[in-house]
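Here is the structure we will look at, set down as structure tokens.
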């Protein structure tokens, strides 16, 4: 067991075997909660982590934050009881349109108000779109409608936002940021340290039989990404340029579909001519030094120049 920076985890469905890629069984959830308990982790509200980041305070290595995206009924029917049993706080990111339209798998407004006694309710969009496929106007419409309805139905203003599908680009982030959220969460593997950007917080997904211990070993690598920051329409990834705060002379680059390669570092600079063709809509690029990582999820943005 290695404590290494704070970690934010994301769940979706609970004890719903119809959707194995987004489901966590109660047996697995109890194992994870016991792991936190036995190994001295402190499960804290997201608010406590965000406030510490804004106040430039040190982030304890044993902090864990639990978040849930999409207000599936399975949390209300199955997951909530276990969170209450362990007295673990959570933040639920609400897909507003699903509850408003009374989609069968989603909680009602009354159920959301009930779970708000135990955790915070936050914003996850109006219509759960792939945001990089929307124009600026369409994006703003989704935010405007969703936030207005969230406040009208729940009587609270959300402080935090998470991207649908975890997908965003610099353009999408700029628009999301303009709504004044105190924190914005992605769905990109990593950790949270005192230098982390509250408007781009990494979260690791706990679904199926997760490698919880593996996730918890990662520390955050302080970096500036020059390129790439999003995926061009042609799917070409030509080069990588990242500056890391490190004195190490060796590092690694991982690209989904293409695997891992070791690189030499000078002054913390990762520079590589990649010339890779990426066939998927989203690609994960990770730069690493030892157990410290920085991850970028590259998504095609139809409206980025």
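Test residue 161 against the criterion of being under 15 Å from the mean Cα position of the chain (by Cα) and either buried (at least 21 other Cβ atoms within 10 Å of the Cβ) or not in a helix (DSSP H, G or I) (or both), and give yes or no. Yes: the conditions hold for residue 161. For region 131-158, a residue qualifies if it is over 16 Å from residue 91 (Cβ atoms), part of a loop (DSSP other than H, G, I, E, B) and within 23 Å of the chain's Cα centre (by Cα), and the qualifying residues are 134, 135.
Values in this text are rule-based calculations from the coordinates and carry no lab data. Quick caveat: nothing in here was measured; it's all calculated off a predicted structure. Note: ideal-geometry Cβ built from the backbone for every residue, glycine included; neighbour counts use all protein chains shown.
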